[in-house]
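Please treat every number below as a calculation from the coordinates, not as lab data. All figures in this text were calculated on a predicted structure; none of them were measured in a lab. Note that each Cβ is placed from the backbone with ideal geometry, even for glycine, and that neighbours are counted across all protein chains shown.
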Amino acid sequence: MKISTTYKAIFAAVTLSLALLSCSKNSDYQPIDISGLSIIHASPTTEKLNVYVDNNLATLNEFSFGSKVDYLNAYSGSRKFDVTKSGSNTSLKTQQLTLEPQFGYSLFVIDKLENIQFLLVKDDLTKPAEGKARIRFVNLSPDGGTFNLAINGQPTDLFTNKAFKEYSTFETIDAADKVTFNIKNSTTSAIETTLADIKIENGKIYTIYAKGLKSTADQTKFGVAIFTHK
């Protein structure tokens, strides 16, 4: 798989360490398989959360709704993931998930607190062509229904019929200084929410996700967010 320069940087420090170790006197040394892991708080709760990988804390103290941890180096293979409330040692969800070597992953913490769960999605980080970017859509609104993602002014929706926890592949779009994305009801085509005047940069890779609850009016209310894979 052709990977972007950004993604290659995920493994640069590890590769250097492995090269140094391979020259050591330990002839039994075996290379360590590494994956890239990004973590996104998409659970519509006002609680701050902690995410652990094999009992090691992987998130910041202020990991709140909408927060994202950029790619971390994680050992490949079957890993144990836990999520807790900040300041608590009680796991709200424990799950074994598998990371393949030299791939990047987005780990979304999703659903209401009482039903909290993980959604692990492999990231295709193939570098876009010149003048292009790549984008994916994920529906993470538990009560939002089924959505399309459209670029304002385009005759055809970019992605269609994505129910809760469903996600698209990455598709190529033109880089531009201002792009407006519309989240549309898949049945009626009505615009549910909009992400306006977003700069889409040449060579970058993005995920847009529907988030929050239609049934609330606080900071967990229904909306849309975008992040860059880095």
Query - the chain: calculated mean residue ellipticity at 222 nm from DSSP helix runs of at least 4, using -39500 (n - 2.57) - result: -2500 deg cm²/dmol
Report task. Among the listed pairs 178/230; 80/178; 132/165; 178/221; 93/127; 48/132, give every one whose C-alpha distance is greater than 30 Å. Result -> 80/178; 93/127; 48/132
Query raised in the report: What percent does the relative contact order of the range 113-173 come to when contacts are Cα pairs within less than 8 Å and at least six residues apart?
Result: 38
**Report entry** Within the chain: Cβ-based charge dipole about Cα centre, in debye rounded to nearest 20 (Lys, Arg +1; Asp, Glu -1)
**Finding:** 100
Query raised in the report: Each residue of the range 214-230 in turn: what ³J(HN,Hα) in whole Hz from Karplus with 6.51, -1.76, 1.60 and θ = phi - 60°, glycine and Pro shown as x?
Result: 5, 8, 10, 10, 8, 5, 9, 5, 4, x, 9, 9, 9, 9, 9, 7, 7
Report task. With label points built 7 Å along Cα→Cβ from the Cα atoms of residue 197 and residue 102, find their separation and express it in nm. Result -> 4.4
Report summary line: On the formula 1/(1 + (r/R0)^6), with r taken between the Cβ atoms of residue 62 and residue 165 and R0 of 25 Å, the FRET efficiency rounded to 0.05 is 0.45
Query raised in the report: Hey, can you rank 33-43, 118-128 by average C-beta count inside 10 Å, highest first?
Result: 33-43, 118-128
Report summary line: For the chain, averaging the sequence separation of alpha carbon pairs under 8 Å that lie six or more residues apart and dividing by its residue count, the contact order in percent is 17
Query - Separation of the residue 172 and residue 226 label points, Cα + 7 Å toward Cβ, nm - result: 1.9
